[in-house]
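This report refers to the structure that appears directly beneath it.
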Amino acid sequence: MIERIEIKGVEARRYIELLEIKNYKISINHNTSIKSVRKKETKAEIDFSFITNYLPIGMIKIEGCMHYKGRVDELFEGWNREHRIVNKEIATEVLNVPLAFCMPLVFALAKELNLPPPLPLPRLKFGEKKKIDKESEKQAYL
């Protein structure tokens, strides 16, 4: 379980002039990587970087540290042996937390740099209503 997460640094850059952005086809991708794992008594400190690339026009990079409590020995041994998080449950938790924590900051920085939103925003579409049967409507909320 992640007890705390802290940001150590932020780098954000637009490589081209604002008026030139419309001339580019932009590919947006995200990458979370674990840089190091340190054992501190019953906890682990996990250094990470979260990068959103706006190829070829810009990037946003956030570096930080997570404080993990739980299966620390298993996490640390796997990291020392293979330089990766071996247990899939732990890896899922550890890699999803920076995504959830950093994405609001990425949205704000993208807006400041006049970069597109890092995820497609929902679009409203007006027109005919779809018919939804009552059973499938109930399933959607379960």
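Values quoted throughout were computed directly from the atomic coordinates according to the rules given, and no laboratory measurement underlies them. None of the values given here were measured: they were computed from a predicted structure. Cβ sites come from the backbone with ideal geometry, for glycine too, and all protein chains shown count toward neighbours.
Taking only the C-alpha atoms, wrap a convex hull around the chain and report its volume per residue in Å³ as a whole number.
Convex hull volume per residue, Cα atoms: 165 Å³.
In nanometres, what is the gap between the two model label sites at PHE126 and HIS83, each 7 Å from Cα along Cα-to-Cβ?
5.7
Taking neighbour Cβ counts within 10 Å as the exposure measure, how do SER36, SER49 sort from fewest upward?
Starting with the residue having the fewest Cβ neighbours, the order is SER36, SER49.
Calculate, in nm to one decimal, what THR32 and LYS69 gain on full extension: separation in residues at 0.36 nm each, minus their alpha carbon distance.
11.3 nm
Enter the Cα centre distance for the pair the stretch 21-59 and the stretch 74-92, rounded to the nearest angstrom.
Using only Cα atoms to place each centre, the spacing works out to 19 Å.
Multiply the residue gap between ARG13 and ASN114 by 0.36 nm, knock off their C-alpha separation, and tell me the result in nm, one decimal place.
Here the segment from ARG13 to ASN114 would lengthen by 35.3 nm.
Can you list the chymotrypsin sites (Phe, Trp or Tyr not before Pro) in the stretch 46-131 that are in a DSSP coil and have 15 or fewer other beta carbons within 10 angstrom?
For chymotrypsin sites (Phe, Trp or Tyr not before Pro) across the stretch 46-131 that sit outside H, G, I, E and B with at most 15 neighbouring Cβ atoms in 10 Å, the list reads PHE126.
When the chain is modelled as a GNM with alpha-carbon springs shorter than 10 Å, which of LEU18, LEU99, LEU115 fluctuates the most?
Greatest mean-square fluctuation among the candidates belongs to LEU18.
Within the stretch 1-51, list the GluC sites (Glu not before Pro) lying in a DSSP loop whose Cβ has at most 10 other Cβ atoms in a 10 Å radius.
GLU17, GLU41
Work out the length of the dipole vector of the chain about its Cα centre, built from +1 on the beta-carbon of each Lys and Arg and -1 on the beta-carbon of each Asp and Glu, and round it to the nearest 20 debye.
In debye, rounded to 20, the chain gives about 440.
Which of the trypsin sites (Lys or Arg not before Pro) found in the stretch 1-52 are in a DSSP loop and have at most 12 neighbouring Cβ atoms, other than their own, within 10 Å?
Qualifying residues, ordered by number: LYS25.
Please arrange ASP73, ASP47 by counting, for each residue, the other beta carbons lying within 10 Å of its beta carbon, fewest first.
Arranged by neighbour count, lowest to highest, ASP73, ASP47 become ASP73, ASP47.
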